[in-house]
Every structure is written in C-alpha cells, then in structure tokens.
Amino acid sequence: MTTDSSSEFPISTIDCSKDAAQKLFTSLREKLSPRGDVVSEKGRQRTIDLFGSALTPQQVVERICQDVSQNGLSVLLDYTKKLDGKTLDENSIRVTESEFKKAHQEAKPEYLKVIRQIRDNIAEFQKAILTEDVKIIKDNGSSKIELRQRYLPLKRIGICVPGGAAAYPSTLLMTAVPAQVAGVEEIVVVVPPTEFGGYNTDLLAACYELGIKEVYRVGGAQAVAAMAYGVSSIQKVDKIVGPGNLFVALAKRYVFGEVDIDSIAGPSEVVVLADETADPAFIASDLICQAEHSPGSGVLITWHEPLIKQVKIELKKQLTTLPRGDLAAQCLKDYGALIIASSQDEAAKLSDQLAPEHLHISMDNPYPMLELVQNAGAIFMGNYTPVAIGDYIAGPSHVLPTGGTARFANGLCSIDFLKRSSIISYNKKALEETADDLRLIAEKEGLTAHSASVDIRLK
C-alpha cells in the first residue's frame, strides 16, 4: 500500500532507542496519571464558584469525602444538586421497584437476551476460577495438626457505574456478576443522576435482570464517600469497585482503608504488538477503539517497519467515518504512538515497560510472543480477537489495571470478593512437640509472653 505522506494520520512515530522509549513512556504516564494535579481553566473556575478557592482535584475530593462523612445525607444531596444539577430527596435518590419493573417490561427482548448471554459467559468463567477452601491434616497418632484456609464472600459491596457521556450496562455486568458468583449477598450500585445513568431504562432493565435492587442516583466523589462511610439512606459497604472519572478515582484512593477498593483506574489504554501478518486496518481499529473513550491511549509496537505507514493511512481513513472520530483523533495525537522495535524481544520488553491495561498480540501465531510478555491486564490473542470482545462478551472482567499498574496489579474477578481466614488447630501433643522451637524464636525476639502462653498449657 503506497500513498503520499499527506494522506497519513499525524501520530508520533518513534524509531525506538532506549532513551526515546523512556521519554515516551514517561510522558504518557505523566499525562494519563490519576495524580489529580492538572485541571482545565473551566474546571478551575467551577471549583472557585463551588468552594471559594482554586482547589486541586485531590483537595476537592478530600473536602467532599469529609463533608459526606461528617454530615451524611443532607450534604450528599447538596453536592448532587451543585455538581449534577439534580434536586433529589431521600426517596427519589433511590430507584424504586416499580421503576425497575417498568424499565424491564419496556426493554427490547433482543437486548435482554444479550444481557443474559453475557451474564452466563461471565458467570461460567468466574465460577471456573473461584478459589476453594484448602485443608491440610497432619495426624501422627497422638499428635494432630489441622491447617485450613477458609474463603467467605464479602457481605456488602458497592459498584460505581459511569453515566456521563454514555450508558454502560457492560460495566454493571463485569462487576456485579463476579460478585454474585462469589456469593456476595448485598450489591449496591451508584450511578450519576443523568439520562445515561440513574434514569437510563436500559441500565435499570439490566439491573432488574441481574436481580440488583439497590441502585442510587448519585455519582462522583460524593457517591464513593456515601458508600464508604454510610449515610442515613445508604449503608456502608465493605468494598468499592468499578471505574469512573478522575474524581471517582481519587475518592476511591482517599477512602481506601475505610473500605477495600479494586484499583485506582485511569484512562483506557491498549498496546498492540504486531508483525508482518497483521492487518493494518485491524490495528488502526484497535487503537481507535480505546482512544474513543477520550481520554484513551493507543500504542503500536512492531518490528515490521512497513506496517507503520500502512497503519497511519488506515487511521486517517477510519477516523473520518466514526461519530467519535474527532475525539479519538485528538487522543491518538496526545497519547498515542507508533514504535519501531528492532526485534520481537525488544518489542516484548517495551510492552512490559508500559504494562498496559489491554495488550493485543496481532499475529497469525501469537503464542511464542505470549511467552515473552508478562505485564498486562488482559491479553488478546491473534488477529480475530479484538479488545472489544473482552470489553463486552468473553467472560473475564473488563475492570483492569491501568497506568502501568499491571506490573503488580490484577483485573477484577470473583476471587476479589472473597475474604480469607487461616484456621489453625493443634492438640496438646502437637503443641508439646513444637514448643522448643517456639520458645527459641520468642527468646530471639524478646517476647517472653509468647513462650509463657505455651508453657502455661504444658504444665
């Protein structure tokens, strides 16, 4: 495929050296980080109007969380009015049973059929990976030791579902179903009071289909705070999961420790590793797919240099045909790159440095490359497994680590809704047999009461 340079999409192209890659990766991580120290002039002015001073997003979140913690429902409703423009009360903030039923009755049968199919796909995978109790018994006649690891579901969890620019039933499915598989009894959903959120009939119909009855029309940091601390209408939860904007991410970080959280999610991102067998049209589509989240990042790493120019041409062609093409184009200019690596090994190392949320190995035979990479939230294999399959259909949750945290963090799954306890049982003979070892360690640490707690049992 050949064309003049004017027909190519203007995206950063790097013939990769170690320094060039490091500069790019540092720049991307700075731009996409949820540190919360960058705000637009419009956002700055709105902060001044609301709080009387130009607070950073982190300071805004701290103020909101503290206010909700101290003043409960009244301030939660006040922030909902100020930030979302909705005047709600203790009754209207919660979706009623009749609203759920009405939304479900009015939903198209084909939509509900898809919701059920996705639910079943997710449940099948999440059940397969669910952790089971473990028991070890050491029985030597008179000496008996029993060691167990017991897993129990969390009692009550909260889910943040976005609802600003679009409705996201997929987020509901990818968070609620793993929790249900784990056995969580109480699931709370918070969603902004918008046409795409708490008033979206498709989303409410999906909630009804999943058996979720506790949905509140509240979003942002104030929703996170309400679930973490509890207010008169919303009991506190044990864990908060699900994505959101910068303020939701910062609020989850702020309340961590009061409750558990899944992660501090940043903008969506994809790295595509591709060789000469990849279709440039497919790659361009993959990059656009994540960029259209706006913000979203898309990076191609290839050791087949002709692919770079072909992908640029495809990007320009496809972006002009999509409703969110302008937003995706700006994101690819700001947060995208096409990187030429010297080899597959170097490409794998570069990908691991980025540790992306989504990694797509776009090759006819992706399995050898799979063995070379380690850091990714989810990995998509081959030319016919687009990231959208994982976002919507496959079964593993699409709530994944972002911002390079895939170096140490994991995607959400049913196991994350279990708490574990070790259970230890020794009889007297077993305690006698290990007493000297325990005394020695206790002596080394100067904790004599530990030894005494054994001695008093063996007199």
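The values are calculated or read from the model by the stated rules, or taken from the named source; none is laboratory data. These figures come from a predicted structure and were not determined experimentally. Here the Cβ is made from the backbone with ideal geometry for all residues, glycine too, and neighbour counts use every protein chain on show.
Some observations on this one:
- Flag for Ser69 being surrounded by fewer than 15 Cβ atoms within 10 Å (Cβ to Cβ) and of a type outside the set (Val, Ile, Thr): no
- Considering residues of the range 268-288 that are closer than 17 Å to Gln353 by Cα and β-branched (Val, Ile, Thr) only, the residue surrounded by the fewest Cβ atoms within 10 Å (Cβ to Cβ): Val270
- Breaking point among (1) of a type in the set (Ser, Thr, Tyr); (2) within 20 Å of Val248 (Cα to Cα); (3) surrounded by fewer than 24 Cβ atoms within 10 Å (Cβ to Cβ), for Thr201: (2)
- Any hit, the range 311-324, residues being assigned by TED's automatic domain parsing to the domain that holds Pro280 and within 25 Å of the chain's Cα centre (by Cα): yes
- Residue count, the range 300-328 (criterion: aliphatic (A, V, I, L, M) and either in contact with a Gly (Cβ under 7 Å, 6 or more places away or on another chain) or over 21 Å from Leu359 (Cα atoms) (or both)): 4
- Subset tally (residues that are surrounded by fewer than 12 Cβ atoms within 10 Å (Cβ to Cβ) and at pLDDT below 95) for the range 401-447: 1
- Flag for Met381 being out of contact with any Lys or Arg (no Cβ under 9 Å at 6 or more places or on another chain), crowded, with 17+ Cβ neighbours inside 10 Å and at pLDDT 95 or above: no
- Residues of the range 162-198 classified as surrounded by 21 or more Cβ atoms within 10 Å (Cβ to Cβ), among the small types (Gly, Ala, Ser) and closer than 18 Å to Leu418 by Cβ, total: 3
- Just one of (1) surrounded by fewer than 17 Cβ atoms within 10 Å (Cβ to Cβ); (2) out of contact with any Phe, Trp or Tyr (no Cβ under 8 Å at 6 or more places or on another chain); (3) under 21 Å from Pro366 (Cβ atoms) fails for Ile389. It is (2).
- Test result for Ala265, surrounded by 19 or more Cβ atoms within 10 Å (Cβ to Cβ), assigned to a loop (DSSP other than H, G, I, E, B), at pLDDT below 90 and hydrophobic (A, V, I, L, M, F, W, C): yes
- The requirement of being buried (at least 24 other Cβ atoms within 10 Å of the Cβ), assigned by TED's automatic domain parsing to the domain that holds Pro10 and not acidic (Asp, Glu) is satisfied by Ala291.
- Of all residues in the range 261-293, those that are free of Cβ contacts under 8 Å to residues at least 60 places away in the same chain and over 30 Å from Pro368 (Cα atoms) total 3.
- Restricting the first member to the range 131-142 and to residues that are outside the structural domain of Pro178 (by TED's automatic domain parsing) and more than 13 Å from Ile415 (Cβ to Cβ), and the second to residues that are aromatic (Phe, Trp, Tyr) and at pLDDT 95 or above, no beta-carbon pair is closer than 6 Å while six or more apart or on different chains.
- Residue selection: Leu319 satisfies the criterion of being of a type outside the set (D, E, K, R), out of contact with any Lys or Arg (no Cβ under 7 Å at 6 or more places or on another chain) and touching a residue at least 40 places away in the same chain (Cβ under 8 Å).
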